[in-house]
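What follows is a single structure, written as structure tokens, with notes after it.
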Amino acid sequence: MSQKLISIDLKANFAFFKKPDYNDGLLLSYNMLHKPALLGVLGAIIGLQGYQKKGELPAYYTRLKSLLINIEPIGSEKGNFQKVSVKYTNTVGYANQDGTLLIEETMLLKPCYRCYLLLDEEQPEHFKLYEYLKEGKAEFIPYLGKNEYQAWWLDEFTGENSFREYPVEEVNPTENFKLKGMFTGEKITPVLENSLDELEYITPYFYFERLPVDFIEKPFIQYNLGDFKHTNAQLSSTYTIGGRLFKIKHDHYIQLY
């Protein structure tokens, strides 16, 4: 089996990843790009169809759901992106037959996510993804949550492609290590360090979010949620983590799920 481990830096000026719950009339957004949303972006890039019929999962999800991924926040404040709430009106007649519909929702500002993908070139969709991402092209315009929030992985000024490729090296760390991106696992017990190899002490931070992993299909389609973590701290070699770990550089690893 021919595998390729790649990443792209997916970014947009705005993003909205709708949560199923509300807060006093405010539509809430997940802070982190999650796997079902990423699969939608990837599906758009290679031309797979989205939702077509109520109660049925979209083609992009059914054909890409086995893809192993990881998502790392880039340029965030300790894992968090800046958010604002916006109000707007929907005057379309069928949206609210009683009058103007007032909507308020949270919006992420300038989010950027490094998306790692483990591709199997023997699968047609994976092969097409590799070629399209490497060449910086897409069948449909990808977006982050709403179609007016267009996403890209090329530098908007220089056109430079953020596409990167890594050796496929699945490992089990025998020494203390750092995990890039979001991951699942037991309660974090960090190894606090002040390395002489670094110019200054790095204050560790820890970010937690409950995020969609996939879909529960019956009795009706809804998100299946999982507990995710993100930290810049070094972890002990005894730390128990599920999934598959891949080395991307030196003592830095990612968990693919």
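The values are calculated or read from the model by the stated rules, or taken from the named source; none is laboratory data. Treat the numbers as computed from the prediction; the structure is a model and nothing was measured. Please note: Cβ atoms are built from the backbone with ideal geometry, for glycine as well, and neighbour counts cover all protein chains shown.
Scanning region 150-191 for residues that are out of contact with any Ser or Thr (no Cβ under 6 Å at 6 or more places or on another chain) and among the aromatic types (Phe, Trp, Tyr) returns Trp152, Phe157, Phe163, Tyr166, Phe177, Phe183.
A search for C-beta distances below 6 Å between a residue of region 225-248 that is within 20 Å of Lys35 (Cα to Cα) and any residue that is small (Gly, Ala, Ser), counting only pairs 6+ apart in sequence or on different chains, returns His230/Gly79; Ile241/Gly185.
Selection of first residues in region 148-165 that are within 23 Å of Leu119 (Cβ to Cβ) and of second residues that are of a type in the set (Asp, Glu) and not in a strand (DSSP E or B), restricted to Cβ pairs under 7 Å at least 6 apart or on distinct chains, gives the following pairs, ordered by first then second residue: Leu154/Glu160. Annotation: of all residues in region 1-34 being among the aliphatic types (A, V, I, L, M) and not in a strand (DSSP E or B), the one that is surrounded by the fewest Cβ atoms within 10 Å (Cβ to Cβ) is Met1. Of all the numbered requirements in (1) of a type outside the set (A, V, I, L, M, F, W, C); (2) at pLDDT below 95; (3) surrounded by fewer than 16 Cβ atoms within 10 Å (Cβ to Cβ), Pro167 misses one, and that requirement is (2).
If you check Asp214, Asp227 for being touching a strand residue (DSSP E or B) at 6+ places or on another chain (Cβ under 6 Å), within 22 Å of Arg114 (Cβ to Cβ), exposed (fewer than 14 other Cβ atoms within 10 Å of the Cβ) and at pLDDT 95 or above, only one passes: Asp227.
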